[in-house]
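Read the structure below first, then the notes.
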Amino acid sequence: MILVLLVCLPFAGSLAATILLRTDSRILAARMSGVVSFAALLLTAALYPAVRDGGKVRLDLEWLPQLGLNVTLRMDGFAWLFAMLITGIGCLVVLYARYYMSEEDPVPRFFSFLLAFMGSMLGIVLSGNIILLSVFWELTSIFSFLLISYWHNNAAARDGARMALTITGIGGFCLLAGLLVLGHIVGSYDLDVVLASGDQIKAHPLYLTALVLILMGALTKSAQVPFHFWLPNAMAAPTPVSAYLHSATMVKAGVFLLVRFWPALSGTYEWFMLVGIAGISTLILGAYFAMFQQDLKGLLAYSTISHLGLITTLLSLGSPVAAVAAIFHMMNHATFKASLFMAAGIIDHETGTRDMRRLSGLLKYLPITGTLAMVASAAMAGVPLLNGFISKEMFFAEAVETHADSVLDRILPYIAVLAGAFSVAYSLRFIHMVFFGPEPTDLPKPKPHEPPHWMRFPIEFLVLACLVVGIIPSLSIGPFLHSAVVSVLGDRTPEYSLAVWHGINTPLIMSVIALVGGVALYAVMKDYLAKCDDGPPLFRHLGGQRIFERVLVTVSWKWARWMESRLGTRNLQPQLRLIAAAGLLAGVLPLYIAGFAPTPLAFDGIDPIFAAVWCVGAFCALGAAYQAKYHRLAALVLLGGAGITTCITFVWLSAPDLAITQLVVEIVTTVLLLLGLRWLPKRSEKVDNSVTFSARSRRFRDFLLAISCGFGMFVFSYAIMKQPVPDAIASYFLEKAYTEGGGRNVVNVILVDFRGFDTLGEIAVLAIVALTVFALLRRFRPAPDSVDKPEQQRIQNAYDAERPERSAGDTVRDYLLVPSVIMQWMFPVIITFSIYLLLRGHDLPGGGFAAGITMAIAFLLQYLAGGVRWAEDRLRILPLRWMGIGLLMAALTGMGAWLFGYPFLTTYSQYIELPFIGKIPAATALLFDLGVFSLVVGATVLILIALAHQSIRTHRVRGLEATKAEET
Amino acid sequence: MELVLSIGIGIMTGSGVWLILRPRTYQVIIGLSLLSYAVNLFIFGVGGVKSNAAPLLGEGVDISTVTDPVPHALVLTAIVIGFATTALFLVVLLAARGLTGTDHVDGREQPK
């Protein structure tokens, strides 16, 4: 349980920090973060007894056990050591950042991201499920992105953040794929199982695939060549971030992963070659590049890359002692590099620049910081009595050993010494150029002085750790390192010694050569380095960064543009044509492959009346297709004809519910389209009649497509209807409808009871559509040519104007006088009818949908009869309220079942006797149906009256034209 | 019976497909409505075409002679949702016509 607390605590702190965003206090967020990270540190420390000597703490929470995905957290000695590193350095960084961040920065945001990052990093370390690990892995990439771009008005920060995210994101994706392959090989995503089946993994044909993919993840994260270039660009981040993420923890995640999977994946020739080449080239190139950096943080960044290369190289060797050295060096590097970054931050903070060409002689101004930085640099260079020395000795000793006989293995000692010399040179350069030499002349802040003591405290603490570990390693880090090593290597734990003095042997001689060589190298190159441009010679213009940007531009811009112009279209017609053709193909192809033979036509049993009805229907459909361009009203009438044919078909074929619904929907659809007609442009057959050849051929193609689709549907539906209907789910519904649903109208029982959840979804869709329509119409602006009153009204008004005894609007009002009076009288009748439909719906044709639309028609008729203004003056329909109540009622009825301990939407049915009316069904489904009814009324009315209301709105365009008319 | 119905479905589909490939928004909306009739009838037809069958349960009604209620339930909601989407499309086309000044489906007249 402590593990869950440990992972959740930083995230909770992160959320808490976001609450502080609005406050002015900088201190509060820092204090809170300090408390959280310190608590995390204490929690981790308290777990030590459980993980000592190969012990393990494990916690399993089921997440998706069917897929083997569980929230498994486990801590062993290695994870403990890393968790200590994360929380410990986290504490120090929070303390440092408290003084580093300036007044103007939004400090709570910074601490929020930092804590969230800490939680994600702890998640990686403590994950006992490899998929969970990948989730936390992605989280660290995201928070790293957010932290690098913290100063987001700085272009370099944005670019650096994007580059880091792209590279580590690609790596994270590969990692996920690799872990999935790994899980597939092993048959489990549990880390313990994976680690225990190393031999099975290495023997599997997919081993290389998994290895390459996982290495992609690890190497990108740990900035190994050729993916190293994101790290120097990430230096645009605030210095606490560089110290924490980009030297101590996140970049270590890659090598952490290599150590974690070391028992399962390492020891093969492929492992040695892939990891080794990456590690060795990173080791040497990183050190070489670091020498020529002019930016303090740039130097430290390349040095970090080089040291990560060293760790990777150690891991590539596949020998247990090398793994011990790798784990040890991870810890050592974190301590000295974090302190150096913080020192660089102080220098930047006090002088205003990080350019080594401008810095010099600072020891006088920053004596304590300078001394601390010197000790830390010495540790970085591998000077005896410091922690860097011990792990570097172990590295040299391993480099001399032969592991896998190859050129790579043979040249390794020389490369190791060379890289050692480079690292001595750049460490020396860092100290010499910044702290010694003449007085600084052109500093942006001329009078640097020591920072507040608590800002320096983290450096002091870390440097002290360097010294203690360097002088008495086996007494200080020894036992912790041992439990970490045991947890990774298990039975293969080697004999190793952490002593400072092993006598005069090859590694010591190598160290001496590296030290002397480094000093000599710096002495020779000192003058060149003091003046040269940023970046190493030869490589200055050939950066991975440039290649990356070039690739990015090509892929995301040029290729995308090319693809879009070649394959895409913004026109609707080609797209619909494609969809129709694809639909046709999808229907025909499977039938063709399966050897489908069309059912022979049978002309028996054709009812002449039914055939006649469909003659009318076919005529209407074809007519609508023919007339829709120039005669919209005629097309609409014909469409209505086709709808009525459909409705009659439903009646004919024993579907009364469908017939009712189709009929009422037909009415509202027609009215809806009628209301829309007014806003469409005039189109005359006489004006635009020029048909080009290409248009003609396009039409011909569409015609063929339409014919084939129609013919296909004919053959297909005829074949299906001629098939005997298999006994599917229908009989189940028919049997249970009365006994369990309490209704005789099975269609309605299905809608409100058996499939009530679907219906709830459907009415929600209806509500959303109605609201969307409403929202769109609120901002509706008609085209200028349809703003005027329609022609008919103009003629009627002109008629009134000519006659003195009539006032304007009389004719409009008198129009269809008798029908409109009847319509007004029909209002209560239709409402009663709709309630009748609703109440009887459970047993007889009817139900919420049909009743709701009928009710909407009642309102609609009032609009038709009296005009929009008349109806709006007299009727206050609140469609939004109808919809809200309806949705609420349907959902609450469903939830009511919970009160009685049944699942959502379980219904209860009974008949009750009402005076005068008789027995009516009173299932709770009726309440649900009432909700459906209310929502359908609201949605339909909202759509229709919102559209009708447009005709009496004073439109914006009209106002503009009026002012124009006044001006002229 | 089946023959007439399937010819009807074919004709409605053909007319609908022809219309949705036309350049004017109004043609497309009519086409979609026709297509939805055709599709509703098709789904309805899958459940078997029976005239003079009992649609409701009652005393003395043999369950095996009752019409298949599942396609009915499916089509019933499809009809209502069809109305909603027609309304949405109509409003979108009206708004587009107001904004672009044309009733072409692409929002601008195609160069001839």
Protein accessible surface hidden between A and B, which excludes ligands and nucleic acids, total in Å², probe 1.4 Å: 8600 Å²
Point-charge dipole on Cβ atoms (K/R +1, D/E -1) for segment A:519-659, about Cα centre, debye to 20: 900 debye
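If r is the Cβ-Cβ distance from A:Ala46 to A:Arg357 and R0 is 41 Å, what FRET efficiency results, to the nearest 0.05?
Numbers: r = 49 Å, r/R0 = 1.19.
So the FRET efficiency works out to roughly 0.25.
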The protein assembly as shown: C-alpha gyration tensor shape, a/c 1.5 cut-off, then a/b vs b/c: prolate
20 Å cut-off, amide nitrogen to a point 7 angstrom out along A:Thr739 Cα→Cβ, residues in segment B:53-94: B:56-70
Inter-chain Cβ neighbour average for residues B:33-43, partner chain, 10 Å: 6
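Once fully extended, how much extra length lies between A:Ile768 and A:Val691, figured as 0.36 nm per residue of separation less the alpha-carbon to alpha-carbon distance?
This chain segment gains 23.6 nm when fully extended.
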Derived scalar couplings ³J(HN,Hα) [segment A:444-452; Karplus, 6.51 cos²θ - 1.76 cosθ + 1.60; whole Hz; x for Gly, Pro]: x, 10, x, 10, x, 8, 4, x, x
Linear extension gain, A:Trp562 paired with A:His152, 0.36 nm per residue minus alpha-carbon span: 144.4 nm
Per-residue mean of C-beta atoms belonging to partner chains within 10 Å, peptide A:621-634: 5
Rounded tilt (10° steps) of A:26-46 against the dominant C-alpha axis of chain A: 70 degrees
Rounded FRET efficiency, nearest 0.05, which uses the C-beta distance separating A:Arg58 from A:Gln723 and R0 of 51 Å: 0.30
Partners for A:Lys447 among lysines (Cα-Cα distance below 22 Å; same-chain residues under 8 apart left out): A:Lys297, A:Lys364
Sequence-distant aspartates and glutamates (8 or more away, or on other chains) whose Cα lies within less than 15 Å of A:Lys252: A:Glu138
Cα pair distances exceeding 16 angstrom across segment A:553-600, given as percent: 62 percent
Of all accessible heavy-atom area on the protein assembly as shown, the percent that carbon and sulfur account for (1.4 Å): 67 percent
Rg/Rh (Cα only; Kirkwood hydrodynamic radius) as it applies to segment A:512-604: 1.58
Zone of A:Tyr269's modelled label, taken as backbone nitrogen in segment A:285-320 under 17 Å from a point 7 Å along Cα→Cβ: A:317-318
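Rounded to the nearest 0.05, what FRET efficiency do A:Thr670 and A:Thr18 have when you use their Cβ-Cβ distance and R0 = 56 Å?
Working: r = 53 Å, r/R0 = 0.95.
FRET efficiency, A:Thr670 to A:Thr18: 0.55.
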Surrounding net charge for B:Leu93, when Lys and Arg each add one and Asp and Glu each subtract one, Cβ distance under 11 Å: +1
Aspartates and glutamates with Cα under 20 Å of A:Lys722, excluding same-chain neighbours fewer than 8 positions away: A:Asp604, A:Asp607, B:Glu2, B:Asp68
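Per residue of A:695-703, what is the mean number of Cβ atoms on other protein chains within 10 angstrom of that residue's Cβ?
2
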In nm, spacing of pseudo-spin labels at A:Ala581 and A:Ser731 (7 Å Cα→C-beta vector): 4.6 nm
The protein assembly as shown, dipole about Cα centre (Lys/Arg Cβ +1, Asp/Glu Cβ -1), debye to the nearest 20: 2620 debye
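Expressed in nm to one decimal, what extension gain is obtained for the pair A:Val821 and A:Leu633 from 0.36 nm per residue of sequence separation less their Cα-Cα distance? Mind dumping the intermediate values first?
On the way: separation 188, 0.36 × 188 = 67.68 nm, distance 2.51 nm.
Value of the extension gain: 65.2 nm.
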For chain A, accessible area per residue (1.4 Å probe, heavy atoms of protein chains only), Å²: 44 Å²
Shape category assigned to segment A:564-625 from the gyration tensor of Cα positions, a/c cut at 1.5: oblate
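The values are calculated or read from the model by the stated rules, or taken from the named source; none is laboratory data. Predicted model only: the values in this text are computed from it and were never measured. Neighbour counts are summed over all protein chains in view; Cβ atoms, including those assigned to glycine, are modelled from backbone coordinates with ideal geometry. Remember, those area values only see protein heavy atoms, side chains included, never the ligands or the DNA or RNA. Shrake-Rupley method; radii C 1.70, N 1.55, O 1.52, S 1.80 Å.
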